[in-house]
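The values are calculated or read from the model by the stated rules, or taken from the named source; none is laboratory data. Model, not experiment: these values are computed from the prediction. Neighbour counts run over all protein chains shown; Cβ positions are idealised from the backbone, glycine included. When the accessible area is computed, the model is the full protein with side chains, heavy atoms only, and any ligands, DNA or RNA have been set aside. Shrake-Rupley method; radii C 1.70, N 1.55, O 1.52, S 1.80 Å.
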Amino acid sequence: MVVEDSSSGTGQCLCGAVRYRYQGKPASVGLCQCRRCQRQSGSAFLIGVVFPAEAVTIEGELAVYEAAVHDGSRLWRHFCRTCGSAVMITLDRFPQIRSMMGGTIDDPDIVQPSFSIWCSEGQGWLRLPEAVTCFPDYPDGTFA
Ligand SMILES: [Zn+2]
Ligand SMILES: [Zn+2]
């Protein structure tokens, strides 16, 4: 993928030991309400802000937790070993992308989710805006 957008931005974990820069606008922004993402985030969902892999430059050391997903493919949850912030997800099915966790992005204006996956596992109180398309599970071709 070619990064043509000259805009850029930054993000970091809670303690600042891990920082990153991204180029261009996100390819997609989506939520995941699966139980695994609830556990990892300690919240009702995780926000995946997806960029082409080459658009993201990371400074600092990320620890990684490898988890199988429902279909047997592999997924890596990268987090700060000092403060525990979830920073990034990578997937073996989509090696060309980096899914940066929305709460770590310095400019919250770029975090505009258009969809959520795994709404069937969501916490019952949660009501998403109408602009956020809700998928009960993980539709093919979705990056999150
Ligand atoms: Zn940290
Ligand atoms: Zn999930």
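Points worth noting:
- Accessible area per residue in Å² at 1.4 Å probe, computed on segment 28-134: 50
- Ligands, DNA and RNA left out, the accessible area of the chain computed with a 1.4 Å probe is 50% carbon and sulfur.
- Counted without the sites themselves, the longest stretch of the chain free of GluC sites (Glu not before Pro) in a DSSP loop having at most 12 other beta carbon atoms within 10 Å is 62-129.
- Put a dot 7 Å past the Cα of Ala68, heading toward its Cβ, do the same for Asp140, and the two dots end up 2.2 nm apart.
- Sorted on the mean count of surrounding Cβ atoms within 10 Å across their residues, most packed first, peptides 86-97, 67-78, 102-113 read 86-97, 102-113, 67-78.
- Accessible surface of Arg98, taken over heavy atoms with a 1.4 Å probe and every protein chain present, rounds to 60 Å².
- A simple spin-label model places the labels of Ser28 and Thr133 0.9 nm from each other, with each point 7 Å out along Cα-to-Cβ.
- Note on Asp92 and Glu59: the extension gain reaches 9.7 nm, defined as 0.36 nm multiplied by sequence separation minus the Cα-Cα distance.
- Once the Cβ-Cβ distance of Cys83 and Val111 is raised to the sixth power relative to R0 = 30 Å, the FRET efficiency obtained is 0.90.
- Within the shell of other residues whose beta carbon sits under 15 angstrom from the beta carbon of Pro139, the net charge comes to -3, with Lys and Arg scored +1 and Asp and Glu -1.
- The charge dipole of the chain, taken about the Cα centre with unit charges on the Cβ atoms of Lys, Arg (+1) and Asp, Glu (-1), comes to about 420 debye, rounded to the nearest 20.
- Label-point gap, in nm, between Ser6 and Glu121 - each point 7 angstrom along Cα→Cβ: 4.3
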